[in-house]
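Comments concern the structure below.
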Amino acid sequence: AEFDQNATTLIEAKDLSFTYPERQNRALENLNLTIQKGKKVAILGKTGSGKSTLLQLLVRNYDANQGELFLAGKPIADYAEDTLRSQFCFLTQRVHVFSDTLRQNLQFASAVNIPDEKMIEVLNQVGLGKLLEQEQGLDIWLGDGGRPLSGGEQRRLGLARILLNDAPILLLDEPTEGLDRETERQILRLILAHAENKTLIMVTHRLTAIEQFDELCVIDEAKLIEKGTYAELLQLEKGFFKQLVERV
């Protein structure tokens with residue numbers, strides 16, 4: 001299927017249910033959700049509540065057991081893999097570091113050639129400027145036989161790839177996990193600026209800068225239990241989100 005660039009309803013889930021292979025409990029149950037093009041959507045919930053599952057289904061790492069998932073008005077299964085890949089930029093919780101140069105590890109984010117200046121600028125923005133202190137610069141070798149990256153550095157490398165990627169839909173799974181509050185604010189600022197003309201779906205269990213998102217979706221025990229703007233969710237008398245905010 002061709003991707004309709006002009007579709008205003010970008011993602012639509014209808015009665016979507018999914019259980020991971022080898023597991024008993026549903027990861028998503030009867031999810032109904034519509035996401036409009038250009039919106040910034042945060043998916044909130046406790047660890048293990050099923051909030052990352054929607055991202056996995058969107059990139060077709062798995063297919064739903066029940067219900068339907070549409071992208072730009074067409075069933076997601078109708079698209080070729082490379083069509084999906086050109087639409088989505090997906091930051092998973094585990095960032096893969098290739099056994100290659102830093103330059104190649106960043107170039108991987110884009111089909112077109114990224115200028116060195118741009119790579120250097122983004123590395124400094126995400127706090128990886130110190131990797132450039134060696135004389136090899138962008139040719140420093142990472143991964144096997146090269147400089148090992150800590151968990152936090154891997155996460156920042158993933159963020160650098162996001163900022164260098166031009167795909168119109170960003171899917172971010174806990175992008176600021178393990179970062180301190182101040183760094184998290186700075187990184188979210190970069191992400192939101194980069195996503196200004198894109199659609200952003202971010203899974204998180206943290207509440208930093210959450211009021212800057214157009215819509216919040218709260219998932220608990222595989223079900224979508226609350227949906228609305230920050231202000232709307234704070235109005236819900238015994239709301240799950242309201243309790244989260246008041247607990248912080």
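The values are calculated or read from the model by the stated rules, or taken from the named source; none is laboratory data. This one's a predicted model, so the numbers in the text were calculated from it and none came from an experiment. Because the Cβ atoms are built from the backbone with ideal geometry, glycine has one as well, and the counts that use them run over all protein chains shown.
Numbers at a glance
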{"read-out": "Hits in the stretch 109-119 (condition: touching a helix residue (DSSP H, G or I) at 6+ places or on another chain (Cβ under 8 Å), surrounded by fewer than 16 Cβ atoms within 10 Å (Cβ to Cβ) and at pLDDT 95 or above)", "value": "D116"}
{"read-out": "Residues satisfying the stated conditions in the stretch 63-82, i.e. assigned to a loop (DSSP other than H, G, I, E, B) and polar (S, T, N, Q)", "value": "N65"}
{"read-out": "Residue in the stretch 42-62 that is on the phi < 0 side of the Ramachandran plot, surrounded by fewer than 16 Cβ atoms within 10 Å (Cβ to Cβ) and part of a strand (DSSP E or B) present", "value": "no"}
{"read-out": "Residue within the stretch 94-105 that is in contact with a Gly (Cβ under 6 Å, 6 or more places away or on another chain), part of a loop (DSSP other than H, G, I, E, B), surrounded by 17 or more Cβ atoms within 10 Å (Cβ to Cβ) and in contact (Cβ under 8 Å) with a residue 12 or more places away in the chain present", "value": "yes"}
{"read-out": "Selection from the stretch 63-75 of residues that are at negative phi, among the aliphatic types (A, V, I, L, M) and touching a Phe, Trp or Tyr at 6+ places or on another chain (Cβ under 8 Å)", "value": "A64, L71"}
{"read-out": "Number of the exception - I76 against (1) at pLDDT 95 or above; (2) closer than 20 Å to L224 by Cα", "value": "(2)"}
{"read-out": "Members of the stretch 137-166 that are buried (at least 19 other Cβ atoms within 10 Å of the Cβ), within 22 Å of E117 (Cβ to Cβ) and among the aliphatic types (A, V, I, L, M)", "value": "L142, L157, L159, A160, I162, L163, L164"}
{"read-out": "Selected residue (only one of L69, L84 is modelled with pLDDT of 90 or more, closer than 16 Å to I11 by Cα and in contact with a Lys or Arg (Cβ under 7 Å, 6 or more places away or on another chain))", "value": "L84"}
{"read-out": "Number of the exception - L192 against (1) in contact with a strand residue (DSSP E or B) (Cβ under 6 Å, 6 or more places away or on another chain); (2) at pLDDT 95 or above", "value": "(1)"}
{"read-out": "In the stretch 106-150, residue nearest to I187 (Cα to Cα) [restricted to those that are β-branched (V, I, T) and in a loop (DSSP other than H, G, I, E, B)]", "value": "V126"}
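Residues are listed down the side, and each one gets a yes or a no for (1) without any contact (Cβ under 8 Å) to a residue 12 or more places away in the chain; (2) more than 24 Å from L91 (Cβ to Cβ); (3) surrounded by fewer than 15 Cβ atoms within 10 Å (Cβ to Cβ):
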{"position": "H194", "(1), (2), (3)": "no, no, no"}
{"position": "L200", "(1), (2), (3)": "no, no, no"}
{"position": "V203", "(1), (2), (3)": "no, no, no"}
{"position": "R206", "(1), (2), (3)": "no, no, no"}
{"position": "A209", "(1), (2), (3)": "no, no, no"}
{"position": "Q212", "(1), (2), (3)": "no, no, yes"}
{"position": "K223", "(1), (2), (3)": "no, yes, no"}
{"position": "L233", "(1), (2), (3)": "no, yes, no"}
